[in-house]
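The block underneath contains the structure these notes are about, expressed in structure tokens.
The values are calculated or read from the model by the stated rules, or taken from the named source; none is laboratory data. What you see is a predicted model, and the numbers here were worked out from it, not measured in a lab. In this analysis, Cβ positions are derived from the backbone assuming ideal geometry, glycine residues included, and neighbour counts consider all displayed protein chains.
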């Protein structure tokens, strides 16, 4: 039989976080122990899903066994609407919410329902790689705006302004940011919303890590600051409620003038095309949003010293510098060494020392700079061992 050719649309699909895993498996097979600091999965380490999420599923097994509403059950969408209103959104109802199979599906289907080949949507640089991967698949142009590393990774409003053109369909913000761990200030967020209004563009606010905040940082939802600019907010229980395997994500719209009506209907069409949601996840989302929040507070309390250690150790290693993460559980250190590329640095570190991080170019970064993303979910002992190996690697190769 002749070779089956894949669709051309898949040629440029990339997801740096996952694309490194096969290489790590090869290194692992050679006998070298791997320290995985590449994927933001708390369950790999010493975190567990709160028990009340499991109880919610087990107490309603009969309903969980069948098909679920493709756009999410009525009461699950109501739980998201109530959560949105608690976070400062205005007059959100269950009709304004859609449930997805994880936050990534919310990203993918919301882009599929919006974008045509040759069009663009503004995405942050650096930012979550699923956005660029899906835009590549859809035949859409990359249109990135910069986050300012010299200003705690806040949005560079001028680069955003210069990036907007006649084919721009919207603006994506990620707050708290993956991969930098930055949290947008109220002022910076308001400037972004004002710019969106100036160009008549909707904002897609990815707020996946909204409850994982450190120090005196303040998370402000985009919907809470907008009066007339359409806001599509995305979230999930994967990170904040320690349930990545449950695949529970959502989006809701704040759209006082009805600008998103046709677009929202298009997203719902795509949801129906895949027939159903994950039925047990409907119960888990309701339990996560309506139930006890002690697990969220305990997670942040546990992560705080790991964040502090990561910030301290990275800045003590010659050739690295790192801004202090204010949210999420990632750091994005800059490499000030004579490297060929950040990808080459990361692959050499993996092969020589068995430490797996993700190269910064996989998330986008300002031209002429090199970074990598590191996850600080593991216990301090594991992190210290990894930082010792990174320091050894740099001394051996770049002293």
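Just a few scattered comments:
- Checking each residue in the stretch 354-399 for being within 14 Å of residue 38 (Cβ to Cβ) and without any contact (Cβ under 8 Å) to a residue 60 or more places away in the chain picks out only 372.
- The conditions of being assigned by TED's automatic domain parsing to the domain that holds residue 170, modelled with pLDDT of 95 or more and closer than 27 Å to residue 176 by Cβ are not met by residue 276.
- Taken over the stretch 54-77, the residue count meeting the criterion of being crowded, with 16+ Cβ neighbours inside 10 Å and part of a helix (DSSP H, G or I) is 6.
- Residue that is under 25 Å from residue 44 (Cα atoms), assigned to a loop (DSSP other than H, G, I, E, B) and either in contact (Cβ under 8 Å) with a residue 40 or more places away in the chain or touching a helix residue (DSSP H, G or I) at 6+ places or on another chain (Cβ under 7 Å) (or both), where the choices are 292, 305, 338: 292
- Qualifying residue in the stretch 325-333 (condition: out of contact with any strand residue (DSSP E or B) (no Cβ under 6 Å at 6 or more places or on another chain), assigned by TED's automatic domain parsing to the domain that holds residue 386, outside any strand (DSSP E or B) and surrounded by fewer than 18 Cβ atoms within 10 Å (Cβ to Cβ)): no
- Among the candidates 114, 135, 147, 122, residue that is free of Cβ contacts under 8 Å to residues at least 40 places away in the same chain and either out of contact with any helix residue (DSSP H, G or I) (no Cβ under 8 Å at 6 or more places or on another chain) or over 25 Å from residue 38 (Cα atoms) (or both): 147
- Filter result (exposed (fewer than 15 other Cβ atoms within 10 Å of the Cβ), at pLDDT below 95 and either over 25 Å from the mean Cα position of the chain (by Cα) or in a helix (DSSP H, G or I) (or both)) within the stretch 354-399: 398, 399
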